[in-house]
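**Q** Okay, handing you the structure first.
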Amino acid sequence: MFSGSEEAMAADAEALDKLEFMACITGGRSMSAAERSPILESFHRAKDKNIFRILATISNPTHSNNSRSVAFEELPKKVKNTGEDTVKWVKTLVRRCAMGDFVNKEVVRHCILLADECFQEEDIESAQKFLECVYLAVESFPELCSTTECFGTLIELFVSCRMVSSNKMNRLITRFGLLSTLSAILSAISPHVKPVCSFVLTLHVIHSTYTEHSEGYDGCRTKCQSAPLRSLLC
């Protein structure tokens, strides 16, 4: 493939798109797209292709401690000419990639489903423990929970918590901080969920819930007007 050819340009654009996607799922909430763009562009144009070879090595869950040490020491050096902001971003990238199998998409999904099951069984303490695992994951990888199933289950669980009428359940929810954890999770992942998907799912869950409670739609809607959901309701 010749440099400047149509195939090379297409491959280059595809590589940059993949880098942008990877930055979104590893960058958390600390950097906007506008701030991230020039950093990714300079990183993408790096001439030392060993940068990507090293990243590929530590992205494998079975990588050795030695590979991790090499990445932490060598990668910042290889991008030092691209600017201080890029060096800082690369250090963060290495830390996230070097987690190995610490974060697994299916494990996070199962934690959400198990938290929901525990809540239905009124085991609030166990539900909270599963949600703490989810929150730990989405702090660094918010898009792990942006799928329709995961986001929908979390919204449903949040609304169910808000609609609890049992004093005993309410005390347990408050004691273990279930709503606070759910709010933190939803706040982290909501920017990464498609707006239409968010809106439709939220209204569907509220409609399903209010029909089972005497407050009616307006009462249920009022109870759901919290920080992570407010922007999704009209």
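**Q** So is A46 open to solvent by less than 50 Å² (accessible area, probe 1.4 Å), more than 27 Å from T148 (Cα to Cα) and either at pLDDT 80 or above or touching a Pro at 6+ places or on another chain (Cβ under 6 Å) (or both) or not? Walk me through how you get there before you give the answer.
**A** Numbers: open to solvent by less than 50 Å² (accessible area, probe 1.4 Å): yes; more than 27 Å from T148 (Cα to Cα): yes; either at pLDDT 80 or above or touching a Pro at 6+ places or on another chain (Cβ under 6 Å) (or both): no.
No: the conditions fail for A46.
**Q** In addition: Could you identify the single residue in L182, L157, L113 that is open to solvent by 30 Å² or more (accessible area, probe 1.4 Å) and assigned to a helix (DSSP H, G or I)? Break it down stepwise before answering.
**A** Working: L182 fails: open to solvent by 30 Å² or more (accessible area, probe 1.4 Å); L157 fails: open to solvent by 30 Å² or more (accessible area, probe 1.4 Å).
So the residue among L182, L157, L113 that is open to solvent by 30 Å² or more (accessible area, probe 1.4 Å) and assigned to a helix (DSSP H, G or I) is L113.
**Q** Of all residues being open to solvent by 50 Å² or more (accessible area, probe 1.4 Å), part of a helix (DSSP H, G or I) and within 27 Å of S69 (Cα to Cα) in region 116-146, which is modelled with the highest pLDDT? Just the residue, please. Can you show your working first?
**A** Applying the first criterion (open to solvent by 50 Å² or more (accessible area, probe 1.4 Å)) to region 116-146 yields 117, 120-123, 125, 129-130, 132-133, 135-136, 139.
Subset that is part of a helix (DSSP H, G or I): 117, 120, 125, 129-130, 132-133, 135-136.
From the residues that got through so far, the ones that are within 27 Å of S69 (Cα to Cα) too are 133, 136.
Values: C133: 92, L136: 88.
Among residues in region 116-146 that are open to solvent by 50 Å² or more (accessible area, probe 1.4 Å), part of a helix (DSSP H, G or I) and within 27 Å of S69 (Cα to Cα), the one modelled with the highest pLDDT is C133.
**Q** May I pose another question? Quick check on region 160-179: of everything there that is of a type in the set (K, R) and surrounded by fewer than 17 Cβ atoms within 10 Å (Cβ to Cβ), which residue is farthest from the chain's Cα centre (by Cα)?
**A** If we filter region 160-179 for residues that are of a type in the set (K, R), which is where we start, we get 162, 168, 171, 175.
When the remaining residues are screened for being surrounded by fewer than 17 Cβ atoms within 10 Å (Cβ to Cβ), the result is 168, 171, 175.
Numbers: K168: 32, R171: 29, R175: 26 Å.
Looking at residues that are of a type in the set (K, R) and surrounded by fewer than 17 Cβ atoms within 10 Å (Cβ to Cβ), I get K168.
**Q** It is to be established whether one or more residues within region 54-62 are open to solvent by 50 Å² or more (accessible area, probe 1.4 Å) and at pLDDT 80 or above. It would help to see each step written out before you state the result.
**A** Restricting attention to region 54-62, the residues satisfying the condition of being open to solvent by 50 Å² or more (accessible area, probe 1.4 Å) are 56-57, 59-62.
Going one step further and asking which of them are at pLDDT 80 or above, we end up with none.
Within region 54-62, not a single residue is open to solvent by 50 Å² or more (accessible area, probe 1.4 Å) and at pLDDT 80 or above.
**Q** Quick one: in region 27-41, which of the residues that are surrounded by 17 or more Cβ atoms within 10 Å (Cβ to Cβ) and part of a helix (DSSP H, G or I) is modelled with the lowest pLDDT?
**A** Restricting to residues being surrounded by 17 or more Cβ atoms within 10 Å (Cβ to Cβ) and part of a helix (DSSP H, G or I), the top hit is R36.
The values are calculated or read from the model by the stated rules, or taken from the named source; none is laboratory data. Since we're looking at a predicted model, the values are computed, not measured. For neighbour counting, all protein chains shown are included, and Cβ atoms are generated from backbone atoms with ideal geometry for every residue, glycine included. Accessible surface areas use protein heavy atoms only, side chains included; no ligands, DNA or RNA. Shrake-Rupley method; radii C 1.70, N 1.55, O 1.52, S 1.80 Å.
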